[in-house]
C-alpha cells in the first residue's frame, strides 16, 4: 500500500535523511522517500501493518523534528 504525507515545517535535509533512514528500518516498510524541498514523504508498506507503521512514523518524526506536522494525503 502506498501512503503519501506532507511534512509541514521540516527544517533541514539532514533531518529528512534521518527520518527516511529510521522509517525504512520499520517492520513492514518496503520503501520510503522523504523529500526535504517538497516536504513530502512517500511510503510503500505492508497493508496489514499500516496503523502500526503510522504510529511509529509519528514517534520517529517528532523525536527528530518536534515541530513537524504530518498530514496524510
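How many percent of DSSP beta bridges within the chain run antiparallel, rounded to 5?
Looking only at bridges with both residues in the chain, the antiparallel portion is about 100 percent.
Calculate for the chain the 222 nm mean residue ellipticity that helices alone would give, adding -39,500 (n - 2.57) per DSSP H run of length 4 or more and normalising by residue count, nearest 500 deg cm²/dmol.
-12000 deg cm²/dmol
Modelling each spin label as a point 7 Å along the Cα-to-Cβ direction, I'd like the residue 51/residue 71 distance in nm, to one decimal.
2.5 nm
What whole-number value in cubic angstrom gives the convex hull volume per residue for the C-alpha atoms of the chain?
Spread over its residues, the Cα hull of the chain gives 70 Å³ apiece.
In nm, what is the difference between 0.36 nm times the number of residues separating residue 37 and residue 6 and their Cα-Cα distance?
Length gained, residue 37 through residue 6: 10.0 nm.
Can you sort 67, 46 from fewest to most other Cβ atoms within 10 Å of each residue's own Cβ?
67, 46
No lab work stands behind these numbers, since they all come straight from the coordinates. This one's a predicted model, so the numbers in the text were calculated from it and none came from an experiment. Counting neighbours? That spans all protein chains shown, and the Cβs are built from the backbone with ideal geometry, glycine included.
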